[in-house]
Structures are given as C-alpha cells and as structure tokens.
Amino acid sequence: MILPLLIIVPLLTAFLITFIGGKKDTAAVILTLFAVTILLCMSLYSFIITGAQTQTYQMSAWAIPYGISLVLDPLSGFMMVMIAIISFTSALFSIQYIRHLQQDWKYYALFMLLLTGMNGVVMTGDIFNLFVFMEIALFAAFGLVAFGGKAEEYEAAFKYAVMGSVSSTIILFGIAVIYSATSSLTMSVIAQRLPLLDQKMVLWVGGLFMAGFGLKTAAMPFHAWLPDAHSSAPAPISSMLSGVLIKALGVYVLIRFFFNVLGAPRLFLTLFLVLGSISILVGVFLAIGQWDMKRLLAYHSISQIGYILLGLGLASPLAIFGAVFHMFNHALFKSLLFYNAGSVELALGTRNLKHLGNLSRILPVTSGTSMIASLSISGIPPFNGFFSKLVIIIAAIKTGHPVYALVAVVGSLLTLASFMKVQRYGFHGEKIIEKTVNKVGWSMNLAMICLAVLCLVTSALIIPGIREAIMDPVVNVITQKSQYLHVVMGR
Amino acid sequence: MTIYLMCFILFLVGFYGVITKRDLVKIILSLAIMGYSTNLFLIIFAYRTGAHYPILEKGTSVTAMVDPLPQALVLTSIVIELGITALLVALAVRLYGKYKTFDITKIRRLLG
C-alpha cells in the first residue's frame with residue numbers, strides 16, 4: 001500500500017536527519033533530496049494509478065466507524081502532486097540559499113516535518129487526525145519563519161503563531177461540536193449523519209470551521225498575519241507557505257469539508273463569493289503600494305486565493321475546474337516569484353525595488369523566469385494563469401454573476417499593473433548593476449527553470465483531451481458531493 | 001446548559017485577552033485559557049450524570065458509560081498546547097533579547 005508511505009517517508013527522513021545531523025549539512029541535503037524525489041515519484045504514480053478511483057487504508061486495520069482511515073481520491077492525489085512538485089524545487093533551491101544563511105541541518109528536519117503535515121492533511125479521512133497533522137505542519141512553519149534569527153523574523157513568527165493557535169483552538173471547538181452532534185470523527189460518517197440532524201448544527205459547525213480555516217487560508221478579513229509571515233521566512237519557505245501550505249491547510253480543507261461533508265450549503269457558497277471578491281480587490285490594492293518585493297508577492301497571495309474562493313463559490317462544474325486549475329497554477333508561479341525574490345536578495349543583498357535596477361545582464365535566468373512568472377500571474381496568454389482566470393470569469397458570467405466577473409477582471413488588470421512595477425523597477429530599470437554580492441548557483445537556477453517550464457506546460461491542461469483525463473476526476477470529486485461518503489464507506 | 005455557557009464565557013475571556021492585551025506573556029496566557037476552555041468543553045459533553053467509567057469488568061453489566069473518546073482527544077490536544085506554549089515562550093524570550101521589551105505595541109519593526 002502506497003498511502004501510509006507518503007506520510008512515513010517524510011516523517012522518517014525528518015528523524016533520520018536529526019540523528020545524523022552534525023556540523024555540516026551535506027548528509028541532510030542528500031537525504032532531503034532523496035526523500036523529495038521519492039515523494040515526487042510516489043505521488044505522481046499514485047495520482048496516475050488512482051485515476052478516477054478512490055483508495056482507502058485503515059490504520060491498524062480498524063474498520064471505518066472506529067478507526068482512522070487514509071483516503072486517496074483524485075482531489076487528494078492532485079494536491080499531493082502539487083505539494084511534491086513545489087517541495088522538490090524548494091529543496092533544490094534551499095541547498096545554496098540555506099548554506100548562504102550559514103545554518104545547518106535543522107532547517108531540513110523542519111522542512112520534512114512541514115511536508116509530513118501537509119501530506120497528512122490532504123490524505124486523512126478523519127477530522128481529528130486532520131487537526132493533528134495540521135498542527136505538525138504549523139509547528140514546522142512557525143519554526144521555519146523564525147529561522148533566519150533576525151528581530152523581524154521572530155516578530156513575524158510570533159504573530160503567525162498567535163494567529164495560528166487561535167484558529168486551531170476555534171477548529172478544535174468545531175470538532176468538539178461535530179463530535180457531540182454526530183458521535184463520530186470520520187468525515188464520511190459525519191457526512192452521512194449530519195443531514196439527519198437539526199440544520200442549525202450545520203450553521204454552527206460551518207461557522208466555526210469557516211472562521212478557523214478562513215484564518216489559515218488568509219481570506220480577506222483574516223489576512224493580517226500573512227504578509228509578515230510569508231515575507232520574513234527564507235525564500236524557499238516563503239514559496240512553500242504561499243505556494244502550498246495555505247492551500248493544503250486552508251483551501252483543500254474548505255473544499256473537503258464544505259463540499260464533501262456539509263454538501264455545499266447555499267449560505268456558505270455565498271460567503272465564499274463575497275470573501276473571495278473582497279480578497280481579490282483589497283489584496284491587490286495593498287500589493288501595489290509595496291516596495292519590498294516579497295511583501296508585494298505575499299499580498300498577491302491573498303488576492304489570488306480570492307480567485308480560488310470565487311471559483312468555489314460559483315460552484316458550477318466549470319467554475320470549480322477553474323478554481324482547482326488556478327490553485328495549481330498559483331502554486332507554480334507564486335513559488336517561482338518567491339525564488340526570484342530570493343535569488344535577487346542573495347545576489348544583491350536587498351529586495352527593495354527602489355534599490356534594484358537592470359538585472360538582465362548579471363542575473364539572466366532570474367530576470368527571464370521572473371518575466372514568465374509575472375506574465376503568468378497577470379493572466380497573459382499563453383501562460384497558465386490566463387487560462388484559469390479566463391475559465392473563472394466565463395463561469396461567473398455563465399452562472400449569472402456579471403458583477404463577480406467584473407471584480408475578477410479588475411483584479412487581474414491591477415495585478416498586471418503591480419507586476420509591471422516589479423519588472424520596471426526590479427529587473428529592467430535604468431540603473432545598470434554590474435557586480436553581485438553572491439553568485440546564484442546552478443541549483444537555484446535549475447529550480448527556477450523547472451517551474452518556468454511548468455508554467456508554460458500546464459497551460460496544456462485546458463486542451464479538451466488532456467483536461468478530461470486529468471482534471472475531470474478531480475472536479476467530479478468536488479461537484480458530486482455525496483459521492484465521497486459512498487466511495488469511502490465502500491458502497 | 002449553564003455549564004456549557006460558562007465554558008463558552010471562559011473561551012471568550014481568553015479571546016478577549018488575546019485581542020486586547022499588550023504584554024507578550026499575557027497573550028500567551030490568554031491563548032492557554034482558550035485552549036483550556038476547549039478541553040473543558042470536550043470533557044463536559046462526554047460526561048453523563050450517574051454513568052459508569054468505561055471499563056468492562058467481569059460480572060458487571062454496564063448500562064450507561066462515560067464517553068472515553070473525548071478524553072483521549074483532550075490528552076492529544078494538551079500535548080499540542082504544551083508544544084505551542086513552549087514555542088511561543090521561546091519566541092517571546094528571543095523577542096525580549098532583540099527589542100528589550102515585552103510590549104507588543106513597541107515590537108513593530110515590520111511595516112503594516
């Protein structure tokens with residue numbers, strides 16, 4: 001069975017690293033690269049062999065109402081592939097970047113724990129187990145945000161940890177309410193029993209989970225921690241946090257819980273729409289004013305998460321296809337942009353856009369890939385961001401929400417404006433910079449090129465034949481709400 | 001019903017503390033209070049008046065039992081809270097080392 005291995009491999013690697021870690025980080029680097037490569041192969045393999053099926057695994061062979069089950073359906077497999085791709089490039093990027101910070105193996109141990117937590121969250125079928133894996137991922141994330149050891153980093157980590165633990169407490173409260181109502185923690189059993197109960201219970205549970213996971217997703221009223229945490233972390237971790245953590249812990253759980261367990265109540269879909277469109281506009285407005293490159297990117301994460309929530313709130317199959325597609329695309333281009341910011345910071349010692357200039361001569365790979373990523377996030381064809389945004393906008397018009405379509409278009413234009421600023425000041429400015437503080441090595445360049453190529457290649461997911469084969473099983477999991485419980489229960 | 005209400009009030013006390021207090025240590029304590037109230041909530045809905053403890057001994061026929069699962073959940077959640085509190089205190093100590101203050105309003109080197 002491949003399911004438990006996807007959790008065991010990163011967890012085991014984390015512990016092995018702490019055992020063998022000495023002064024040098026060479027062993028830790030080799031182990032980490034080995035583990036992320038294995039994870040990438042395993043998750044791709046499991047996504048392909050799963051197809052439209054669902055695999056379940058009962059821990060300690062306890063049957064479903066009693067034990068904890070792991071569930072691998074197309075949506076989980078899709079998330080797993082996304083996590084594996086970003087963590088692979090992130091590990092590649094880390095090699096030089098973390099040596100430059102003169103840190104040791106502890107980074108890699110925390111990195112693998114972060115991966116364990118995320119893989120666990122997307123695979124578990126038990127709601128308390130989800131909480132535990134979420135805490136594992138968050139602990140690692142708090143440690144990694146504070147990793148650089150500067151005052152700002154401790155400050156950001158403290159804010160993040162306070163916000164994270166408030167939201168975790170709210171989620172635990174929600175779990176307690178669910179358990180007291182349904183006497184079960186297995187998601188499929190909850191999905192089965194909840195419709196038979198008083199519908200006020202759905203409101204209570206939905207409200208608590210919306211607040212808790214909304215904080216983790218950083219949708220607009222809950223966004224305050226995100227720009228600090230994501231901009232203070234080391235660059236490869238910013239890309240993990242912005243690229244996959246807010247999706248695995250936030251958006252994925254919202255999808256799984258509100259669509260598959262609660263059956264997509266109308267009220268919460270409207271809430272998704274409203275929060276999504278507010279996030280799109282306010283996030284992008286706040287981003288335009290920033291001069292710190294990573295902070296600008298962090299505000300854009302809020303705005304792009306808005307698109308995903310908007311797509312989910314529209315809830316037609318086309319819109320959900322757009323949301324899932326955009327989630328994948330955002331992971332790719334936002335991680336790439338954070339790598340670009342990281343390599344600029346490494347090479348020049350600053351990431352303030354006012355101090356940058358024409359970098360196309362000294363950092364050709366960085367400025368080239370940042371152009372691709374900027375075009376991609378602003379929605380310029382033929383890059384992937386264009387297609388996913390287009391699908392969401394078409395879906396909004398088709399379902400009769402022209403106002404939301406307008407919001408999405410305006411948000412996209414403002415995104416273009418703010419990335420023109422990045423390109424104009426950061427990479428193609430007048431001031432020609434000749435010398436660098438550090439050289440950007442091959443591993444960092446390789447990570448950036450990988451993602452830049454993927455930004456172009458994933459556009460192919462829109463082509464009809466490929467879309468049916470890869471994306472439709474994922475979308476079907478979300479749109480056929482009650483199917484989840486029948487599949488997991490084995491009926 | 002009253003006991004649930006009081007438990008919820010405890011939760012709100014913690015929440016109020018997190019939002020309004022300026023001292024890092026008081027914020028950490030408020031978070032702990034929020035956590036305790038949630039644990040208490042888990043325990044009190046598992047309690048059944050006049051019920052037996054959930055161990056089946058020889059020769060006894062048990063009718064009503066206290067639900068043991070939330071107690072296991074609370075144990076897990078206490079361990080998690082211990083971890084988070086330790087992490088927060090460590091961060092607070094480091095922050096004091098950098099800023100020489102515990103006042104959250106003076107710890108703002110990050111731009112808004």
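In summary, the lysines within cross-link reach of A:Lys398, defined as a Cα separation below 23 angstrom excluding same-chain residues under 8 places away, comprise A:Lys389, A:Lys481.
Exposure proxy ranking for A:Asp25, A:Asp73, based on other Cβ atoms within 10 angstrom of each Cβ and starting from the fewest, stands as A:Asp25, A:Asp73. Remark: A:Arg351, B:Arg109 ranked as B:Arg109, A:Arg351, counting other beta-carbon atoms within 10 Å and listing the fewest first.
The Rg/Rh ratio for the stretch A:54-183 is 1.04, where Rg is the radius of gyration of the alpha carbons and Rh is the Kirkwood radius. The phi-based Karplus calculation (6.51 cos²θ - 1.76 cosθ + 1.60; θ = phi - 60°) puts the 3J(HN,Hα) values of the stretch A:165-176 at 7, 4, 5, 5, 5, 4, 5, 4, 4, x, 4, 4 Hz, whole numbers, x for Gly and Pro.
One quarter of the surface of the convex hull around the alpha-carbon atoms of the stretch A:367-491 equals 11.9 nm², the direction-averaged projected area.
For the stretch A:339-350, the Karplus equation 6.51 cos²θ - 1.76 cosθ + 1.60, evaluated at θ = phi - 60°, returns couplings of 5, 4, 4, x, 6, 5, 5, 5, 6, 10, x, 8 Hz by residue, with Gly and Pro reported as x. In summary, the convex hull built on the alpha carbon positions of the stretch A:358-405 has an orientation-averaged projected area of 4.0 nm². Calculate I(q)/I(0) for chain A by the Debye formula, one identical point scatterer on each C-alpha and no solvent, and give its log10 at q = 0.07, 0.08 Å⁻¹ to two decimals. Here the Debye-derived log intensity ratios amount to -0.33, -0.43.
Note down the Stokes-Einstein diffusion coefficient of the stretch B:1-108 in µm²/s, whole number, using a Kirkwood radius over alpha carbon pairs, 10 °C, and 1.306 mPa s. Spell out each step's value before the answer.
Numbers: Rh = 16.3 Å.
Reported coefficient: 97 µm²/s.
Counting, for every residue in B:73-81, the Cβ atoms of other protein chains within 10 Å of its Cβ and taking the mean gives 5.
Each residue of the stretch A:129-136 was assigned a 3J(HN,Hα) from its phi angle through the Karplus expression (A = 6.51, B = -1.76, C = 1.60, θ = phi - 60°), giving 4, 4, 4, 5, 5, 4, 5, 4 Hz with x at Gly and Pro.
Separation of the stretch A:239-312 and the stretch A:416-491, taken as the distance between their Cα centroids, equals 16 angstrom.
For chain A, what is the relative contact order in percent, using Cα pairs closer than 8 Å and at least 6 residues apart in sequence?
Values: 845 pairs, mean separation 79.5, N = 491.
Once normalised by length, the contact order is 16 percent.
What relative contact order, as a whole-number percentage, does the stretch A:292-441 give when Cα pairs under 8 Å and 6 or more residues apart are counted? Don't jump to the answer; show the numbers that get you there.
Numbers: 198 pairs, mean separation 49.2, N = 150.
Once divided by the residue count of the stretch A:292-441, the mean separation gives 33 percent.
Over the Cα atoms of the stretch A:17-81, each weighted equally, I'd like the Debye log10 I(q)/I(0) at q = 0.20, 0.26 Å⁻¹, rounded to two decimals. Cα-only, vacuum Debye calculation for the stretch A:17-81: -0.82, -0.98.
Remark on B:Met65: its backbone amide H falls under 5 Å from those of B:His52, a criterion applied only to residues 5 or more positions apart or on other chains, H modelled at 1.01 Å from N.
Shape verdict for the stretch B:1-43, please, from the Cα gyration tensor: rounded (a/c under 1.5), prolate (a/b greater than b/c) or oblate.
oblate
Counted by neighbouring Cβ atoms within 10 Å, the residues B:Leu10, A:Leu72, A:Leu337 run from fewest to most as B:Leu10, A:Leu72, A:Leu337. In terms of distances greater than 23 angstrom between alpha carbons, the cross-link table entries B:Lys26/B:Lys106; A:Lys24/A:Lys159; A:Lys159/B:Lys100 yield A:Lys24/A:Lys159.
Convex hull over the alpha-carbon atoms of the stretch A:203-312: what's its volume per residue in Å³? Can you show the working numbers first?
Details: hull volume 8.6 nm³, N = 110.
Normalising the Cα hull of the stretch A:203-312 by residue number yields 78 Å³.
The alpha-carbon positions of the stretch A:270-350 define a convex hull whose volume is 61 Å³ per residue.
All of the numbers you see were taken from the coordinates with simple rules; none came from a lab. Bear in mind that the values here come from a model prediction, so they are computed numbers and not experimental data. Neighbour counts run over all protein chains shown; Cβ positions are idealised from the backbone, glycine included.
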